[in-house]
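Okay, so here's the structure we're looking at.
The values are calculated or read from the model by the stated rules, or taken from the named source; none is laboratory data. Keep in mind that what you see is a predicted model, and the values were worked out from it rather than measured. No Cβ is skipped: glycine too gets one built from the backbone with ideal geometry, and neighbour counts run over all protein chains shown.
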């Protein structure tokens, strides 16, 4: 009945030059277009819009979950960075301690080596002095023996006669005493 009254209204207003007829609008065509629009709108609301809204709602939920996971991941990252920084600090402290200990140990080893080196040098010096004293005494003995021979030869040439071995030894001893002074 509403369609009938609209068409009657359109027919009546189409003949007059005032009102809607003044805009040159065909009311019959307008009514069909309006009915078609309402039907399309109802179909759109009933079957097309709900899946689109569900998809949009699912996307919104997925985005919210992703953002929450990103926040949680960021918090975990900050906690991990703090733990890593703390571990690095501990490692640096341990390395510094180990380095200081190694330096102290090296100093102790160097001091002990210097001490052993000094003791060894002193021992070598004493051994060398003893060896030199021994060699010096040995050379004195050899020199005395040679000197005794030289004195005996010189004396026998001077005297031109050979004296007895006993006289020879006494003369040599006297000559050595004189030379030793």
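Worth a mention:
- Pairing each residue of the range 27-53 that is in contact (Cβ under 8 Å) with a residue 40 or more places away in the chain and at positive phi with any residue that is in a helix (DSSP H, G or I) and surrounded by 12 or more Cβ atoms within 10 Å (Cβ to Cβ), provided the two are 6+ apart or on different chains, yields no C-beta distance under 9 Å.
- All positions within the range 18-59 that are exposed (fewer than 11 other Cβ atoms within 10 Å of the Cβ) and not in a helix (DSSP H, G or I): 18, 24
- Applying the criterion of being under 22 Å from residue 180 (Cα atoms) and loosely packed, with under 11 Cβ neighbours inside 10 Å to the residues of the range 144-164, the residue that is modelled with the lowest pLDDT is 158.
- Selection status of residue 62, modelled with pLDDT of 95 or more and surrounded by 10 or more Cβ atoms within 10 Å (Cβ to Cβ): yes
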